[in-house]
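Asker: Before I ask anything, let me first share the structure, which is written out below as structure tokens.
We did not get these values from a lab; they are worked out from the coordinates using the rules stated. Only a predicted model underlies this, so the values are computations on that prediction, with no experimental measurement involved. Positions of Cβ are generated from backbone atoms using ideal geometry, with glycine treated the same way; all protein chains shown enter the neighbour counts.
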Amino acid sequence: MTAPQLSVAFFLQMFFILVVCRSVAALVRRFGQPQVVGEMIAGVLMGPSLIGLLLPAFQQQIFPNESLKMLFVGGQLGVGLYMFLVGVEFKAEVFRARVHSAVAVSVAGMLVPFALGAGLALWMVTIPGMFAERTTTSAAVLFMGAAMSITAFPVLARIIHDHGLTGTALGTLALSAGCIGDAAAWGVLAVVIASVGGGVVVAVKAIAGGVAFSVFMLTLGRRLLIRLGSATELAGRLTPALLTLVMTLFTLAAWITDAIGLHAVFGAFLLGVAMPRGVLTRELKRQLEPFAVVFLLPMFFTFSGLNTRLDMVDDLPLLLVAIAVLVAACLGKGVACWAAARLNGESNRIALAVGALMNARGLMELIVLAIGLQHEIIGPALFSVMVLMTIVTTLLASPLFEWVYGRHARAAGELGVVAMSADEPATSPERGRRGAAPNERGARA
């Protein structure tokens, strides 16, 4: 396929991707689900699990094999930029409140799913096609443990915002636990990536390089970036020149963590965390988020969907794997986080709400799975099973939260109504006390 033909294919792909993603997202929002759930589902629908199964010639015309590398790069840019923005919104102060309960919930919410994932890995290494041939048993155990431990921090943050929980004891507890747990899980994932990269030297390079880069960004790098924040404050806006500098730093940070053997999202996220708060971060979110979320991220979901083969889960062994993964994911996160919250003095209803919220995997899980597939740690069959688990657990988060906590708190006037869209903030508890009818439509996570 020539360069002009690739250009033609790209524009047709993006037209199709945007229409399908926005349509499915609009549909799921009517059922109280965040938009990201709809885009995850849309990605799977565009892949071999539905359109490729029913209309293979049509799918091949929209997504010719030669164009998939282009889609992959666009998706990586999208998820990298998104994780940069997640870092920009990261609030260190959530760690300073309810630390004891948050640490307990995050540790339980990681150790129990990690143990269950490790146990599943020991079983799945005996099933052909689950893991790549070069994946060692120890790498398989670590990867599954980390993958099962993930909480979708961006999804969690959006659900908390949409339900009017920002700044509340429950919201702070869930966000803190999600931050701590995901940081640990990403650390394990870094070890796995390094371990399959070609030996001790590669592993040491990735781990030592990752630690060194993290320390630099959160100390000296943060101090150097203060000048960038001051220049933005002085100008009162993020000028094109300053935005160019930020994007230059973004691409450099992503390249560094990719080059040392980790993944671009690590560098992007750390740069976002190091950015000085104020006009700079508000302007970055305002200027970059719409394009990243609306145009680039759907490319990532689509590429993931094109690698998802739910039709592969068509025999008894794979069906048993899928059921075991889903049960372990729900029980491991939900029950463990509930128990830890209860043991630390939280009420039963708050503990149940924490368990429901922490069970969402969302985009973070898809990133982990994409990394596993890209680095040839897992096979297509396990990738498909884990994508299915990701969608189901994320779908369950909002309705479970409403069932165990939201409806009761709203009836008692302790919680505002649910936000209707990403542009409409959740109402305050005061409005809930005035009897406003709750609207169950969710927003983008």
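Asker: Just rank ASP315, ASP258, fewest to most, by other beta-carbon atoms within 10 angstrom.
Answerer: ASP315, ASP258
Asker: Moving to a separate point now. Work out, step by step, the length gained on full extension between ARG286 and ALA57: first 0.36 nm times the residue separation, then minus their alpha carbon distance; give nm to one decimal.
Answerer: Full extension of this stretch gives 78.4 nm more.
Asker: Next up: Which peptide among 126-136, 290-300 comes first, and what is the full order, when sorted by highest mean count of other Cβ atoms within 10 Å?
Answerer: Result, highest mean Cβ count within 10 Å first: 290-300, 126-136.
Asker: Which of SER49, SER7 comes first, and how do the rest follow, when ranked by fewest Cβ neighbours within 10 Å?
Answerer: Ranked by crowding around the Cβ, least crowded first: SER7, SER49.
Asker: Full extension from PHE11 to LEU343: what is 0.36 nm times the residue separation minus their Cα-Cα distance, to one decimal in nm?
Answerer: Fully extending the segment from PHE11 to LEU343 adds 114.1 nm.
Asker: Determine the shape class of the stretch 3-64: with a ≥ b ≥ c the square roots of the Cα gyration tensor eigenvalues, call it rounded for a/c under 1.5, and otherwise prolate if a/b is greater than b/c, oblate otherwise.
Answerer: Taking the square roots of the gyration eigenvalues as a ≥ b ≥ c, the stretch 3-64 is oblate.
Asker: Here's another thing I want to ask about it. Apply the a/c threshold of 1.5 to the C-alpha gyration tensor of the stretch 50-148 and tell me whether it is rounded, prolate or oblate.
Answerer: Oblate, since a/c reaches 1.5 and b/c is not below a/b.
Asker: I need CYS337, CYS330, CYS21 ordered by Cβ neighbour count within 10 Å, fewest first.
Answerer: The order, fewest Cβ neighbours first, is CYS330, CYS21, CYS337.
Asker: Between LEU252 and ILE127, 0.36 nm times their residue separation minus their Cα-Cα distance comes to what?
Answerer: 41.0 nm
Asker: Another one. Would you please classify the overall shape of the stretch 70-415 from the alpha carbon gyration tensor, given that a ≥ b ≥ c denote the square roots of the eigenvalues, rounded means a/c under 1.5, and beyond that prolate means a/b larger than b/c while oblate covers the rest?
Answerer: Oblate, since a/c reaches 1.5 and b/c is not below a/b.
Asker: What is the set of long-range amide H partners of PHE131 at a cut-off below 5 Å, with H atoms built 1.01 Å from backbone N?
Answerer: GLY379
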